[in-house]
Amino acid sequence: MAKILVTGALGQIGSELVAALRDRFGAEEVVASDIRMGRPDDGPFELVDCTKSGQLQEVVHRHGIGTIYHLAAILSAVAEEKPQAAWTVNMGGLYRVLEVARQNRCAVFFPSSIGAFGPTTPRDQTPQDTIQRPTTMYGVTKVSGELICDYYARRFGVDARGLRFPGLISHVTRPGGGTTDYAVEIFYQAVRYGHYTCYLGPDTRLDMMYMPDAIRAMMEVMAADAARLVHRNAFNVTAMNFTPEELAAEIRKHIPDFVIDYEVDSELQAIADTWPHSLDDSAARAEWDWAPEFDLAAMTADMLERLGRRLSRAR
Ligand code: NAD
Ligand code: AKB
């Protein structure tokens, strides 16, 4: 089997995806890479800046790569602070990955986001195919990324597939500068201090997913029967949606004294206010049998149990 390359492998998703891929295919079959040096791991690691074609080419040739999970990116909150850098990394990186994939016949996974939608998109049960006029640089790069993946598939036969993820909640690696990060930070603060000050308003409803479902979704869409895929790319996927108030109420079922208060960050709130409340993921369900396992209650119980154990050991 040709090997797998993961870019941005030290991030929130990559740190768990690499472990899952190595469990499935073997440690030596999965090359983790990032622009920064990682912890010593149980398999190959390469320093790769995804905006540098030469570095990508060299690693793809040397390891005999057949599939690239392209996770390297700048997320929404940081992208609004540094829009030029976000364009360079998100679009420059993806373009180079697709070119290397075209030249070496690699398959590519590209993660899009609820950020690919905008204020004129229907916000409830957002359809798979709908208006996409995002007003953030992150969103602009995600829509452009979806389109260029479709183009490379149609024009050059690159097997590019992808998902539109909602906010992802996880306990292994802290998130890297997104608008939905509150839904992770709240758990660390709840376990440590029983208190969290939220930067989004109490009624901000956003779609979310627990990381085990996200990892499984990536691997399932890449393994899906191509003949069944009508969309191939940018599938809406979701598992739950909630507001900060609703998440706090769920946490209180486990930590009754937990307190949430609010200091709204107007810039992050403005981003969240342009994103969907809930996605319609029926295309993913119909075309490759997508089904999430974790709802709000199951995710909250698992997060608190795992973080509780880990943080108490660290004390
Ligand atoms: P992250 O910020 O945690 O990790 C991104 C990684 O990319 C970091 O380790 C960083 O060092 C690396 N990186 C940055 N610039 C690079 C470059 N030039 N070359 C190589 N590596 C570089 O992000 P994440 O949460 O793991 O997200 C991964 C992908 O999934 C991104 O495309 C993101 O937009 C998308 N996504 C994430 C979420 C989420 O909630 N985490 C939701 C929707 C979509
Ligand atoms: C972010 O908030 O930027 C990400 C995302 C939903 O794409 N978590």
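Just the number please: accessible area per residue for the chain, 1.4 Å probe, all protein chains included, in Å². Don't jump to the answer; show the numbers that get you there.
Details: 13300 Å² over 315 residues.
About 42 Å² of surface per residue is accessible.
Using Cα-only point scatterers and the Debye equation, what is log10 of I(q)/I(0) for region 3-114 at each q in 0.17, 0.24 Å⁻¹, rounded to two decimals?
-0.75, -1.43
What distance in nm separates the two pseudo spin-label positions at Arg285 and Lys52, each 7 Å out from Cα along the beta-carbon direction?
Reported label-point gap for Arg285 and Lys52 is 4.6 nm.
Tally the DSSP beta bridges in region 164-315 and give the antiparallel ones as a percent, rounded to 5.
Of those bridges, close to 25 percent are antiparallel.
Tell me, what % of the accessible area of region 1-137 is carbon and sulfur with a 1.4 angstrom probe?
Taking all protein chains in place, region 1-137 shows 52 percent carbon and sulfur surface.
Could you list the square roots of 5 times each eigenvalue of the Cα gyration tensor of region 137-270, that is, the equivalent ellipsoid semi-axes, sorted largest first and rounded to whole Å?
Semi-axes from the Cα gyration tensor: 34, 17, 11 Å.
For Gly176, list long-range residues whose amide hydrogen, built 1.01 Å from N in the peptide plane, is under 5 Å from its own amide hydrogen.
Gln12
Could you work out [θ]222 nm for the chain from helices alone, using -39500 (n - 2.57) per DSSP H run of at least four and dividing by all its residues? Round to the nearest 500 deg cm²/dmol.
It lands at -12500 deg cm²/dmol.
Hey, got the dipole for region 153-285? About the Cα centre, +1 on K and R Cβ, -1 on D and E Cβ, debye to the nearest 20?
800 debye
Which of the pairs Lys3/Lys142; Lys3/Lys82; Lys52/Lys82 have their Cα atoms more than 31 Å apart in this structure?
Numbers: Lys3/Lys142 26 Å; Lys3/Lys82 34 Å; Lys52/Lys82 19 Å.
Exceeds cut-off: Lys3/Lys82.
Kindly express, to the nearest 10 degrees and within the range 0 to 90, the angle between helix 296-314's C-alpha long axis and the longest C-alpha principal axis of the chain.
Approximately 90 degrees, to the nearest 10.
Which angle between 0 and 90 degrees, to the nearest 10, do you get for helix 137-156 versus the longest principal axis of the chain when only C-alpha atoms count?
For 137-156 against the chain, the angle is about 30 degrees.
In whole Å, what are the extents of region 78-141 along the principal axes defined by its C-alpha atoms, from largest to smallest?
Principal-axis extents of region 78-141 (Cα, largest first): 40, 28, 13 Å.
Kirkwood Rh and Cα-based Rg: tell me the resulting Rg over Rh for region 150-214, rounded to two decimals.
Rounded to two decimals, Rg/Rh equals 1.16.
Let me check against my output: what whole-number percent is the relative contact order of region 35-122, with C-alpha pairs under 8 Å and at least 6 apart?
Relative contact order comes out at 33 percent.
So what does the Cα-only Debye profile of the chain read at q = 0.09 Å⁻¹, as log10 I(q)/I(0), no solvent term?
Debye curve over Cα of the chain, log10 I(q)/I(0) at q = 0.09 Å⁻¹: -0.43.
State to the nearest 20 debye the size of the charge dipole of region 1-136 about its Cα centre, where the only charges are +1 on K and R beta carbons and -1 on D and E beta carbons.
So the dipole magnitude of region 1-136 works out to roughly 300 debye.
Mind checking the dipole of the chain: about its Cα centre, +1 per Lys or Arg Cβ, -1 per Asp or Glu Cβ, Debye to the nearest 20?
Numbers: 32 positive and 42 negative charges, 192 e Å.
Taking the Cα centre of the chain as origin, the dipole is about 920 debye.
With both bridge residues required to lie in the chain, what share of the DSSP beta bridges run antiparallel, to the nearest 5%? Mind showing how you got there, number by number?
Working: 3 of 33 bridges.
About 10 percent, rounded to the nearest 5.
Between Leu229, Leu56, Leu94, find the one with the highest GNM mean-square fluctuation for the chain; connect C-alpha pairs within less than 10 Å.
Answer for the Gaussian network model of the chain: Leu229.
Considering the chain as a Gaussian network with a 10 Å cut-off on Cα pairs, which listed residue, Val237, Val97, Val172, attains the greatest mean-square fluctuation?
The residue with the greatest mean-square fluctuation here is Val172.
First compute the accessible area of region 242-291 with a 1.4 Å probe, then give the percent of it belonging to carbon and sulfur atoms.
Numbers: 1130 of 2320 Å².
With neighbouring chains kept in place, the figure for region 242-291 is 49 percent.
The values are calculated or read from the model by the stated rules, or taken from the named source; none is laboratory data. Predicted, not measured: the structure shown is a model, and the values here were computed from it. Neighbour counts are summed over all protein chains in view; Cβ atoms, including those assigned to glycine, are modelled from backbone coordinates with ideal geometry. Surface areas here come from the heavy atoms of the whole protein model, side chains and all, with no ligands, DNA or RNA. Shrake-Rupley method; radii C 1.70, N 1.55, O 1.52, S 1.80 Å.
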